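Notes to accompany the following structure.
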Amino acid sequence: MNLFDMRFPRQLEAAYGREAIRRALTDRTIRLWPGGDLDVPLITMKDPLKKALQSTLLRGLIRCGFEGVSDKLRSERAGIANAGKRSDAPHGERVSRLILFTNDGAERFYRHVEQLLRSHVPRLLGCFLDVPGSVLGQLVTGKDRQIKLVMAEHKDAVSEILRAMVREQE
């Protein structure tokens, strides 16, 4: 996952430009796990990001949990492959899915996240949230629940969440 080569949703690039988005995402990065070699953006959960997550959740554009996210991405990849056989138009060359994961996962969890990110490049971008699963769970469900990973599963949701991250850096 090379942030310098990624192409973001068109609407987001039009509003901010690729370089502003990259700066916001590369300002703080973290190695996913000690034995890995993948650095991801480290994001602090502030009000604009909370509001963006809640807004996309209300529109039904957030999927929770590693297994559900993994299954959805695998299914979408198969659909893109089938569409690619019928058309010469490029598919999946921009970031259209965003996973956010918490800071309290086990090493095994982060190894699986790294594998997921590598399997779905360039469509998938991952960001490390500097909050525990209980905070994300409360935000997403309104209940005392642990959620360690969520995915924004539409380019509009991805744009809204990334826009919140960029605004925080301005």
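The values are calculated or read from the model by the stated rules, or taken from the named source; none is laboratory data. Because the structure is predicted, anything quoted here is derived from the model rather than measured. Glycine also receives a Cβ, built like all others from the backbone with ideal geometry; neighbour counts cover every protein chain displayed.
Please pick out the residue among 38, 73, 25 that is surrounded by 15 or more Cβ atoms within 10 Å (Cβ to Cβ), more than 14 Å from the chain's Cα centre (by Cα) and within 19 Å of residue 117 (Cβ to Cβ).
Selected residue: 38, the only one of 38, 73, 25 that is surrounded by 15 or more Cβ atoms within 10 Å (Cβ to Cβ), more than 14 Å from the chain's Cα centre (by Cα) and within 19 Å of residue 117 (Cβ to Cβ).
Select from region 1-36 the residues that are free of Cβ contacts under 8 Å to residues at least 12 places away in the same chain and in contact with a strand residue (DSSP E or B) (Cβ under 8 Å, 6 or more places away or on another chain) and list them in ascending order.
31
Residue by residue through region 97-113, note down the ones that are in contact (Cβ under 8 Å) with a residue 60 or more places away in the chain and of a type in the set (A, V, I, L, M).
If the condition is that a residue be in contact (Cβ under 8 Å) with a residue 60 or more places away in the chain and of a type in the set (A, V, I, L, M), then 98, 100, 113 are the ones that fit.
Name the pairs whose Cβ atoms lie under 6 Å apart, with the first residue in region 114-136 and farther than 16 Å from residue 95 by Cβ, the second at pLDDT 95 or above and among the hydroxyl-bearing types (Ser, Thr, Tyr), and 6 or more positions between them or separate chains?
Within 6 Å, the pairs are 129/102; 131/102; 132/102; 133/102; 136/102.
Does region 145-170 hold any residues that are polar (S, T, N, Q), surrounded by fewer than 20 Cβ atoms within 10 Å (Cβ to Cβ) and either under 17 Å from residue 23 (Cβ atoms) or touching a residue at least 40 places away in the same chain (Cβ under 8 Å) (or both), and which are they?
Hit for region 145-170 is 169, nothing else.
Which members of region 101-159 meet the condition of being of a type in the set (Gly, Ala, Ser) and either under 11 Å from the mean Cα position of the chain (by Cα) or closer than 19 Å to residue 46 by Cα (or both)?
Residues satisfying the conditions are 126, 133, 134, 137, 142, 152, 157, 159.
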